[in-house]
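Report on the following structure.
The values are calculated or read from the model by the stated rules, or taken from the named source; none is laboratory data. Because the structure is a prediction, the values reported are computed rather than measured. Note that each Cβ is placed from the backbone with ideal geometry, even for glycine, and that neighbours are counted across all protein chains shown.
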Amino acid sequence: MKKYACLLLAALGTSACNYLEIQPVGQVIPHKTSEFRALLTTGYYSYPFNFARTHTCLLSDEVGTFLASEIWDATEAVALVYNYTWQYGNQMREYPYQEFYKSIFYANAVIENIRDADVDDAGEPMEQILGEAYALRAYNHFELVNLYGQPYNPSTAETDRGIVLSDFIDIEQTYRPTNVAAVYRLILDDIARAEHLMSLEKQPDASRNYRFSLNALTAFKARVLLYMQRWQEAYDTAVSLLPKYELVDLNTLEEKAARPWQAEASEAIFAIDRPFNGSGGDLKGACIIADPILALFDQTNDCRRNYIVEINSYDESWTPTLLRYGVDRSSSDRSSIRVAEMYLIAAEAGSYLPEELDAARQYLLDLQSKRLKPGIMESQRSKIQALDAEALRREVAEERAREFLLEGHRWFDLRRTTRPAITKTYDHSTYTLLANDSRYTLPFPPSAIAGNPHLND
């Protein structure tokens, strides 16, 4: 079976084949529902939560300066310079590819085999595990198509190049990219299957928030529908979750209480991705938040500004040489979808629906009331209520930049909306990503093409 799986991954354009060295109870092929749970858990862990969505901040306009000298690994530092300056090719650090398909493989193994499993006496329902497998498969395909496929455009999605679909295990098929519309159809079909199967509304504690629940599935569906510009459905889906979760009020948050981007927070719906850690971790203090992004924050009245911390460089005498800013986060933080995103989806989608425009304004204000100091809310309310639909969308875009700073949303928001020009400077050279630049879509990694030449067919 290991050989079989390796051939499959090679066909998809991946190289690692040691992932079946998992033996939940001393077996390679699971037979009980608890063993399929262990198999699916490995599928969750195979998802590239460390260097995927969140590290697209290097591509976006969030990072104003990149300091390769701050990274311990010199080879890594050189590679990331090419990410930062959109010089895609053999020299840049590859964004994940095979890891997504490894995670999908585990999900497919569960989908294709769990119905024949023996139910453990004290085990959880088979349907819940199967539903999560469909959801995990959809989530991986969604991330893949938004890295390597064209942005979703309703008028061209049927012909825009997407990614390879992996919805069943068959090493005999030829794996070629399909169109964007086909990818999104599979994603929505998998979501629908998961909705029908799952029964757990919410995970019982933060330690399991990396797993899908019905609420997490609904939140993910709202995001997918937003990207597809299906405004009414995105609006309705996001709004349905708002009564179920409580926004964190940064005005009254105690020092040791969970912050919005942590899995323990009352806002957390789904938590598998690690937010970009600007003040430590693998990139340490190498990334300086761009001045235009910092300028979006009201330094006096926006409580989120308190979590943007100064990070200094020091010379040999420990004298500060450069002041820069990162987000005060821990490497243990996890944030994939939280209820704040649902408020902003409701506000953005609602701006396209004339009958929901007033409600859309209010959803934005509801979020801002938990982020801004009370003394400014009266003037903020007057400002927001005076916005027309187009101006409201601009305000929502800025609010998303503030709310999800370095959480992995900005690059995807830019590419799904305006795709503006971005200019960066590195080592006295200037690099520009043009408006509507083709580089808003990443090429398939060289390692993937080496494993599957059909990727460029």
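Side notes on the structure shown:
- So residue 146, is it under 20 Å from residue 42 (Cα atoms) and under 14 Å from the mean Cα position of the chain (by Cα): no
- Matching entry among 14, 75, 65, 54 (being modelled with pLDDT under 90, assigned by TED's automatic domain parsing to the domain that holds residue 129 and surrounded by fewer than 16 Cβ atoms within 10 Å (Cβ to Cβ)): 75
- Inside the stretch 32-45, residues that are more than 16 Å from residue 209 (Cα to Cα) and polar (S, T, N, Q) make up a count of 2.
- Filter result (in contact with a strand residue (DSSP E or B) (Cβ under 9 Å, 6 or more places away or on another chain) and among the hydrophobic types (A, V, I, L, M, F, W, C)) within the stretch 46-76: 57, 58, 59, 63, 66, 67, 68
- Total residues in the stretch 238-252, condition in contact (Cβ under 8 Å) with a residue 24 or more places away in the chain and either out of contact with any helix residue (DSSP H, G or I) (no Cβ under 7 Å at 6 or more places or on another chain) or among the hydroxyl-bearing types (Ser, Thr, Tyr) (or both): 4
- Residue in the stretch 212-224 that is of a type in the set (Phe, Trp, Tyr), assigned to a helix (DSSP H, G or I) and out of contact with any Phe, Trp or Tyr (no Cβ under 6 Å at 6 or more places or on another chain) present: yes
- Some residue of the stretch 238-245 being outside the structural domain of residue 141 (by TED's automatic domain parsing), assigned to a loop (DSSP other than H, G, I, E, B) and among the aromatic types (Phe, Trp, Tyr): yes
- Looking only at residues of the stretch 379-403 that are farther than 18 Å from residue 305 by Cβ and among the hydrophobic types (A, V, I, L, M, F, W, C), we find that the one that is surrounded by the most Cβ atoms within 10 Å (Cβ to Cβ) is 396.
- Of the residues examined, residue 38 is not one that is surrounded by 23 or more Cβ atoms within 10 Å (Cβ to Cβ), hydrophobic (A, V, I, L, M, F, W, C) and under 28 Å from residue 261 (Cα atoms).
- Filtering the stretch 171-207 to residues that are in contact with a helix residue (DSSP H, G or I) (Cβ under 8 Å, 6 or more places away or on another chain), in a loop (DSSP other than H, G, I, E, B) and surrounded by fewer than 16 Cβ atoms within 10 Å (Cβ to Cβ) leaves 171, 173, 174, 176, 199, 201, 202.
- Per-region count, the stretch 428-452, residues of a type outside the set (A, V, I, L, M, F, W, C) and under 17 Å from residue 90 (Cβ atoms): 7
- Residues that are under 13 Å from residue 30 (Cα atoms) and either without any contact (Cβ under 8 Å) to a residue 24 or more places away in the chain or in contact with a strand residue (DSSP E or B) (Cβ under 6 Å, 6 or more places away or on another chain) (or both) within the stretch 118-145 comprise 118, 120, listed in sequence order.
- Total residues in the stretch 410-419, condition touching a residue at least 40 places away in the same chain (Cβ under 8 Å) and either in a loop (DSSP other than H, G, I, E, B) or loosely packed, with under 15 Cβ neighbours inside 10 Å (or both): 1
- Strands (runs of 3 or more DSSP E) contained entirely in the stretch 261-330, each with at least 1 residues that are modelled with pLDDT under 70, closer than 21 Å to residue 370 by Cα and not acidic (Asp, Glu): none
- When residues of the stretch 187-237 are limited to those that are of a type in the set (D, E, K, R) and touching a residue at least 60 places away in the same chain (Cβ under 8 Å), the one farthest from residue 125 (Cα to Cα): 223
- Of all residues in the stretch 420-444, those that are hydroxyl-bearing (Ser, Thr, Tyr), surrounded by 13 or more Cβ atoms within 10 Å (Cβ to Cβ) and within 18 Å of residue 287 (Cβ to Cβ) total 2.
- Counting the residues of the stretch 240-260 that are buried (at least 21 other Cβ atoms within 10 Å of the Cβ) and modelled with pLDDT under 90 gives 0.
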